[in-house]
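The values are calculated or read from the model by the stated rules, or taken from the named source; none is laboratory data. This is a predicted model, so every value here is computed, not measured. Because the Cβ atoms are built from the backbone with ideal geometry, glycine has one as well, and the counts that use them run over all protein chains shown.
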Amino acid sequence: MRRTKRTKKPIPITKQNSSNQSRNEQRKTSSLPLFSTLAKNIDEILKAVGYSSDVTVRQVCLGEKCQSKVAFVFTDGLVDEGIINEFIISPIMNKDDVLAVSQFPLDELQKMVLQVGNVERLSDFESLFTSILSGDTVILVDGSDEGIVIDTKSWEGRNVTEPQTQTVIRGPHEGFTEGLRVNTSLIRRRIKDKNLWIETRQIGNRTKTDVAILYMKDIADEQVVNEVRSRLEKIQIDSILDSGNIEELIQDNTFTPFPTVHNSERPDAVAAGILEGRVAILVDGSPYGLIVPALFAQFLQAPEDYYQRFDFGFIRFLRYIGMLISLLAPSLYIAVTTFHQEMLKTTLLISIAAQREGIPFPAFVEALIMEITFELLREAGIRMPRAIGPAISIVGALVLGEAAVSASLVSPAMVIVVSITAISGFTFPSFSIGIPFRLFRFVLMALAASFGLFGIIIGLIAIIIHLCSLQSFGVPYMYPFAPFNFNDQKDVIFRVPLWMMKTRPQPIAGDYSFRMNQSDSSQKDRNRQLKRRNSHESSD
């Protein structure tokens with residue numbers, strides 16, 4: 001039998017190239033200048049947007065004999081129609097002396113007729129599409145190859161509410177929203193200084209997301225500001241939907257698990273970073289602001305540390321202890337119970353040995369099972385609805401822990417170690433800094449199971465070397481630990497009183513490091529004067 005070859009029918013060239021032709025037409029339309037004919041402009045606009053139902057084009061005739069034709073182009077749902085009707089359409093329709101376009105120029109329309117604040121001109125389709133899809137209204141006049149752009153942005157959004165993740169007992173209870181101008185106003189309300197500069201640009205070839213750079217002109221290091229501008233300008237991507245996309249694209253070291261860009265949903269935290277000389281980045285549509293440069297110690301500082309008395313800063317020292325427990329507790333238990341039993345007291349060793357009697361797994365596998373189980377419970381609690389998420393985490397941990405001990409799969413001591421580790425991990429003020437410690441915990445557990453305490457030491461040395469090699473926009477990540485600076489230790493592990501914190505971090509603020517007026521007497525001087533006055537009164 002002869003085999004017959006099946007041949008596929010060739011796809012018609014017209015069908016193959018139809019999509020490419022439409023794309024090329026859209027690109028050509030975007031780069032075209034506006035026509036002087038109103039009907040042709042409207043036809044090009046409707047074709048480019050695919051006759052989308054939300055893009056509204058309203059045409060009106062001016063004068064008794066329709067001497068001039070005007071079109072209003074906007075996107076329904078992104079504009080305030082009250083502003084359009086009352087302050088744009090109504091003044092134009094009520095203009096009495098309308099003749100031809102030569103006597104109805106755009107200059108007169110822009111300066112004398114329109115009763116709105118922000119009015120600009122455009123001359124190409126690309127600017128027109130960007131404007132109407134951003135919530136602006138464009139006015140086109142028949143006979144003119146230019147248009148007028150009016151800011152009429154208005155859409156439904158979330159109100160300013162309390163932050164969801166970075167809560168405080170004492171301090172502001174305001175958090176960022178998804179609106180860029182709302183977020184910048186929250187910063188402006190806290191920093192009423194002309195030196196607070198805000199630069200806005202659009203990133204994303206398709207989304208054209210507004211991104212704002214905020215910094216103090218007289219405090220921030222100009223090199224850092226230029227570096228932020230440069231990295232943002234180099235971003236060539238279709239979409240930016242959240243500040244996390246910007247964070248990943250501008251960070252120094254992509255493959256490090258440690259965050260080199262700090263993020264916060266608190267306006268007071270971002271304002272404090274700006275006043276220290278840092279640069280903030282706000283993204284439209286994201287309730288999280290970015291702060292650079294970011295230091296390792298910054299991720300263990302909470303906003304509430306500065307709203308309580310300085311002795312409350314002892315809590316920050318507990319966070320450092322919690323960080324070490326979260327990283328080392330399981331690996332130390334594995335190393336001691338597997339290789340270094342002589343380090344334990346006899347009674348404690350006998351108790352642990354009795355608990356492990358009948359356990360079929362070594363300590364490493366036992367800890368691995370418990371850690372993975374708890375990570376699954378943590379993830380389930382986050383993804384579940386808020387009403388039942390915490391209940392699932394607590395009940396699941398209690399039930400599974402008790403069942404595992406009853407079934408002789410894990411020892412009670414291991415349950416205690418894993419529980420203490422989990423509780424210590426919740427002391428991190430920033431969620432992003434807790435992720436690398438959770439990852440390296442498993443690495444140290446494997447090293448402890450293989451080499452004991454020597455493996456843990458090797459792992460810690462490797463982590464420290466890696467941390468010391470990192471930089472955030474030219475600033476050493478481990479500053480002021482490495483390189484060590486005694487003056488900037490005032491706000492790291494402990495916080496000294498505010499009157500002693502006269503300077504900003506040296507590598508961030510640069511030359512303008514003083515934050516407290518040197519001509520004012522410090523609290524220490526005031527205390528001395530008060531003591532002298534009391535001593536004079538007692539002597540009299």
Given 365, 405, 399, which one is more than 36 Å from the chain's Cα centre (by Cα) and modelled with pLDDT under 80? 399
Kindly provide the set of residues from segment 279-316 that are at pLDDT 90 or above, among the hydrophobic types (A, V, I, L, M, F, W, C) and in a helix (DSSP H, G or I), ordered by number. 296, 297, 299, 300
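Matching residues to (1) in contact with a strand residue (DSSP E or B) (Cβ under 7 Å, 6 or more places away or on another chain); (2) closer than 28 Å to residue 375 by Cβ; (3) among the β-branched types (Val, Ile, Thr); (4) not in a loop (DSSP other than H, G, I, E, B):
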| position | (1), (2), (3), (4) |
| --- | --- |
| 403 | no, yes, no, yes |
| 410 | no, yes, yes, no |
| 423 | no, yes, yes, yes |
| 440 | no, yes, no, yes |
| 445 | no, yes, no, yes |
| 459 | no, yes, no, yes |
| 481 | no, no, no, no |
When residues of segment 286-301 are limited to those that are buried (at least 22 other Cβ atoms within 10 Å of the Cβ) and small (Gly, Ala, Ser), the one farthest from residue 180 (Cα to Cα): 294
All conditions in (1) in a helix (DSSP H, G or I); (2) touching a residue at least 60 places away in the same chain (Cβ under 8 Å); (3) of a type in the set (Val, Ile, Thr) are true of residue 177 except (1)
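Residue by residue, here is whether (1) farther than 22 Å from residue 463 by Cβ; (2) touching a Pro at 6+ places or on another chain (Cβ under 7 Å) holds:
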position: 257; (1), (2): no, yes
position: 280; (1), (2): yes, no
position: 295; (1), (2): no, no
position: 300; (1), (2): no, yes
position: 310; (1), (2): yes, yes
Here the residues within segment 211-248 that are surrounded by fewer than 17 Cβ atoms within 10 Å (Cβ to Cβ) and among the hydrophobic types (A, V, I, L, M, F, W, C) are 235, 237, 241
Condition check: at pLDDT below 90 and of a type in the set (A, V, I, L, M). Does residue 344 satisfy that? yes
Condition met for residue 73 (modelled with pLDDT of 80 or more and within 16 Å of residue 42 (Cβ to Cβ)): yes
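Test residue 375 against the stated conditions and say whether it is assigned to a helix (DSSP H, G or I) and acidic (Asp, Glu).
When the stated conditions are applied, residue 375 passes them.
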Starting from segment 44-64, take each residue that is within 18 Å of residue 152 (Cβ to Cβ) and list its partners that are part of a helix (DSSP H, G or I), counting only C-beta distances under 6 angstrom and pairs at least six apart or across chains. 57/42
Before we move on, is residue 44 at pLDDT 85 or above and under 23 Å from residue 115 (Cα atoms)? no
Return the residues of segment 190-200 that are more than 14 Å from residue 215 (Cβ to Cβ) and touching a residue at least 24 places away in the same chain (Cβ under 8 Å); say none if nothing qualifies. 190
Somewhere in segment 195-213, is a residue touching a helix residue (DSSP H, G or I) at 6+ places or on another chain (Cβ under 6 Å) and under 13 Å from residue 472 (Cβ atoms)? no
Could you identify the single residue in 56, 75, 37 that is surrounded by fewer than 19 Cβ atoms within 10 Å (Cβ to Cβ) and within 20 Å of residue 130 (Cα to Cα)? 56
Consider residue 318 against the criteria (1) under 30 Å from residue 497 (Cβ atoms); (2) surrounded by 13 or more Cβ atoms within 10 Å (Cβ to Cβ): it satisfies all of them except one. Which criterion is unmet? (2)
Which of the residues spanning segment 130-152 are surrounded by fewer than 21 Cβ atoms within 10 Å (Cβ to Cβ) and among the small types (Gly, Ala, Ser)? 134, 135, 143
